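The values are calculated or read from the model by the stated rules, or taken from the named source; none is laboratory data. Keep in mind that what you see is a predicted model, and the values were worked out from it rather than measured. All Cβ positions, glycine included, derive from the backbone under ideal geometry; neighbour counts span all protein chains shown.
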Amino acid sequence: MKIKIKVIVHLFFLTVGALGIFLVSHAQSENKVSVNDLNRTYLPSKVPDRVILNLSDEPLKSVAVNWRTSVQEKNGEVQWAEATVGTGFLDQVKTKKANSEFLSVRHDENPTIESYYHAATISDLEPGKSYVYRVGYGEFWSEWFQFDMPDPSERGLTFFYFGDAQNGVRDHWSRLLRQAYLRHPQIDFSLHAGDLINRYNNDFEWGEWFGAGGFIHATVPSMMTPGNHEYGKDEQLSPQWRPQFNLPLNGPAGTEETCYQVNFPHVKMISLNAEEIEESPYLKQKQVEWLDSILTHDSREWTVITIHHPFYSTKDNRDNKDLRKHFKPLMDKHQVDLVLQGHDHGYGRGMVGASENGDITEVQAGEEGTMYVVSMAGIKMYEVLDLPWMQRRASLTQMYQLIHVSLEGVLSFEAYTADGNLYDAFELHKGPDGKNKRIDKIPDIPEYLESRK
């Protein structure tokens, strides 16, 4: 009798085990992929991850923060205080409840990822002061991060500009970003000109982007504009974009957190949504009207625009004539100073005036007008043609740019290679009439036009 019971029990557990194996196999078959050891590091947990600061629409008074948790943590809070020499700030901590949003994302090569994204604004801040903050809820919190508020009245404004990251984000873009921060830690924010990742809804690729930036994302505010790789084949914006970023909502309806402005006292930063310009005549016109309005009624000494698709491409088969047709007249009318772009995976910059309206192979760079820059930050690189609109160019070169806008009417621009060497530099000196005089400060090295390692 005992032997029969043992046999029955044994058969029971064998059956349960076989059923479990079947269910696991079936689930993996349904998801088409199992999570490998590397990608496990990008799965959400109760402890906050993907912490990032974004510029707010009041950049001298507040900063926006986002983070992610697993579905077990549905609530979120941010705590902050002015930084002190030790832990004395703990006696002055303020707490604010976050807006929390559930997100379920499925990519063909990944299992379904479910999580909560949390967004909050840290407010009542003062220019030039240092603050600490942490995010979380209950027993699960991030570390305390420290950041500095910009103070343009004392030191102007300094920021990074990065072209496409897109490929090799974990392995290679991380080096460029960290090199930039290592060499120039006293910056006010970072600007990303689109194509942050390669596949718009691949959550593990987003995990690589956040992992590559780490504490830099959490301590240096960012602004970003979407590229074509932030959109799917159905022309839908990445489902992660708005939950994981916390960008201003002051653009045209239908372009929320993709077309917006951030106003500093002497600099207006603008993001235009190039993908909606290409795909939606309605939203293109809305962006034209909005841009004309804010530059007419709320101008600043300096205007810097970021857009993913270039006005002037570095290859003639990537020309964007429709973009120029609708938006270049506004660049000329409002004497826009600088346009920062991506998409072409090469480096080129040139000053193009109002009189230059021909084909991309005909437009000549000159001594006045808007400075247009195309750059790349990742390892997907294309060769750059010798087109007349460019005054400096580079092929197959990873770069980041450092831009400083002073209080003395000077905008300085420096382009560095991934190994930290200066490759290109210029200054724009603002005249009483609003026009800029360009002063090239190109280092005495030849243009990089051939394949290098």
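May I ask you to list the residues in the stretch 248-274 that are β-branched (Val, Ile, Thr) and surrounded by fewer than 18 Cβ atoms within 10 Å (Cβ to Cβ)? Full working, then the answer.
Keep residues of the stretch 248-274 that are β-branched (Val, Ile, Thr), which gives 255, 258, 262, 267, 270.
None - no residue of the stretch 248-274 is β-branched (Val, Ile, Thr) and surrounded by fewer than 18 Cβ atoms within 10 Å (Cβ to Cβ), so the list stays empty.
Please report, ordered by residue number, the strands (runs of 3 or more DSSP E) entirely within the stretch 33-101 with at least 2 residues that are in contact (Cβ under 8 Å) with a residue 40 or more places away in the chain.
Working: elements: 49-55, 63-69, 77-82, 94-97.
The qualifying strands (runs of 3 or more DSSP E) are 49-55, 63-69, 77-82.
Residues of the stretch 68-116 being modelled with pLDDT under 95 and either of a type in the set (Lys, Arg) or assigned by TED's automatic domain parsing to the domain that holds residue 246 (or both), which ones?
Scanning the stretch 68-116 gives a single hit, 106.
Quick one: residue 108 ticks every box in (1) part of a loop (DSSP other than H, G, I, E, B); (2) among the charged types (D, E, K, R); (3) within 23 Å of residue 62 (Cβ to Cβ) bar one, so which box is it?
(3)
Which of the numbered conditions does residue 116 fail, given that it passes all the others? Conditions: (1) of a type in the set (Ser, Thr, Tyr); (2) assigned to a strand (DSSP E or B); (3) free of Cβ contacts under 8 Å to residues at least 40 places away in the same chain.
Unmet condition: (3).
Is at least one residue of the stretch 222-242 surrounded by fewer than 24 Cβ atoms within 10 Å (Cβ to Cβ), closer than 21 Å to residue 326 by Cβ and among the basic types (Lys, Arg)?
Checked against the condition, which is being surrounded by fewer than 24 Cβ atoms within 10 Å (Cβ to Cβ), closer than 21 Å to residue 326 by Cβ and among the basic types (Lys, Arg), the stretch 222-242 yields no hits at all.
How many residues does the stretch 343-365 contain that are among the aliphatic types (A, V, I, L, M), in a loop (DSSP other than H, G, I, E, B) and touching a residue at least 24 places away in the same chain (Cβ under 8 Å)? Even if it seems obvious, please write down each step before you answer.
First, the residues of the stretch 343-365 that are among the aliphatic types (A, V, I, L, M): 351-352, 354, 360, 363, 365.
Keeping just the survivors that are in a loop (DSSP other than H, G, I, E, B) gives 354, 360, 363, 365.
Now narrow it down to the ones that are touching a residue at least 24 places away in the same chain (Cβ under 8 Å): 360, 363, 365.
Of the residues in the stretch 343-365, 3 are among the aliphatic types (A, V, I, L, M), in a loop (DSSP other than H, G, I, E, B) and touching a residue at least 24 places away in the same chain (Cβ under 8 Å).
Condition (residue is touching a strand residue (DSSP E or B) at 6+ places or on another chain (Cβ under 7 Å), assigned to a loop (DSSP other than H, G, I, E, B) and surrounded by 13 or more Cβ atoms within 10 Å (Cβ to Cβ)) applied to the stretch 119-139: is it met by at least one residue?
Yes, the stretch 119-139 has at least one match.
For the stretch 148-169, what are the residues that are surrounded by fewer than 22 Cβ atoms within 10 Å (Cβ to Cβ) and aromatic (Phe, Trp, Tyr)?
If the condition is that a residue be surrounded by fewer than 22 Cβ atoms within 10 Å (Cβ to Cβ) and aromatic (Phe, Trp, Tyr), then no residue fits.
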